[in-house]
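Please read the structure below before turning to the comments.
What follows is calculated from the coordinates using simple rules that are stated; it is not laboratory data. Being a predicted model, the structure only gives us computed values, none of them experimental. Cβ: placed from backbone, ideal geometry, glycine included. Neighbour counts: every protein chain shown.
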């Protein structure tokens, strides 16, 4: 069990619908990371941007982008996570992969498709939440619009880290900032949101604000970072456990189940 989880967050200006260029961009950033990194977090649809052109861009599960994620995980001996456009059984999914250093992986299909952009008309919504274990940490990875739905992320399994990978636009970044902090506070968990920068092919503008919050909602990163950047930050499980032991807020949570 690792008391510290050394996490790398990569906020990038994604190249619109250009998987090869984006993989090349992230390869350079990942190769430059320290040897101590345990977990590397990339944005939502990190090879394409938030595109509805799934018929042209979708990959099979064992396509080039997952192969690349496995190569990066092996290279750095670290887990790598982010979402891709995937086709399976005649459906398209906005699918998050959590790839372990040994090349095995877990998947999560985005539950809340973004109806404002008609994502629901292209992508099939997932049904199951994923909580996985990695180096003694319980981690719940989610995708972008999921951030607006606190019931789905409610910490009923005592997870330690909540992750949101996103393409969250500048015009609503205030909600991104507030909700990430709220999810950390209400779940007494580390909460990481990794967003992108730049403009996409639909002229939507993104200004990042990638952030890491501790279990009391304190921001552990610089606020309002609007340009591409890479940051390594260490999460401390002992500190989280001490916070939970002292305040005990999770013991008073309501009991319910999702149906």
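Structure values in brief
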item	result
The stretch 106-186: relative contact order in percent, alpha carbon pairs under 8 Å with at least 6 residues between	25 percent
Length added when fully stretched, residue 20-residue 90, from 0.36 nm per residue minus Cα-Cα	22.8 nm
Principal axes of the stretch 104-205: Cα extent on each, largest first, Å	41, 28, 25
Least to most buried among 51, 211, 153, 24 (fewest other Cβ within 10 Å first)	24, 51, 153, 211
Cα long-axis angle, helix 173-187 against the chain (0 to 90 degrees, to the nearest 10)	40 degrees
The stretch 180-259 and the stretch 41-82: distance between their alpha carbon centers, rounded to Å	22 Å
Proxy reagent accessibility, fewest Cβ within 10 Å first, across 92, 164, 206	92, 206, 164
The stretch 128-145 residues near the modelled residue 102 label - backbone nitrogen below 14 Å, point 7 Å along Cα→Cβ	133-136
Label-point separation, residue 55 to residue 131 (7 Å along Cα→Cβ), nm	4.1 nm
Helix-only [θ]222 nm of the chain, DSSP H runs n ≥ 4, -39500 (n - 2.57) each, per residue, nearest 500	-7000 deg cm²/dmol
Distance (nanometres) between label positions extended 7 Å along Cα→Cβ at residue 247 and residue 2	2.5 nm
Where N is the number of residues in the stretch 146-250, Cα Rg divided by 2.2 N^0.38 Å	1.11
Sequence-separation-based contact order of the stretch 4-252, relative, with Cα cut under 8 Å and 6+ spacing, percent	20 percent
Per residue Cα convex hull volume in Å³ - calculated over the stretch 18-58	66 Å³
The stretch 159-259: relative contact order in percent, alpha carbon pairs under 8 Å with at least 6 residues between	24 percent
Helix axis angle, 237-247 relative to the chain longest principal axis, alpha carbon, degrees	50 degrees
C-alpha long axis of helix 64-76 to longest principal axis of the chain, angle in °	50 degrees
Residue order, fewest to most beta carbons within 10 Å, for 246, 120	246, 120
Highest-fluctuation residue, 96, 130, 39 considered, GNM on the chain with Cα pairs under 10 Å	130
Separation in nanometres of the label points that stand 7 Å from Cα toward Cβ, at residue 34 and residue 236	1.5 nm
By average C-beta atoms within 10 angstrom, highest first, the peptides 165-174, 77-86	77-86, 165-174
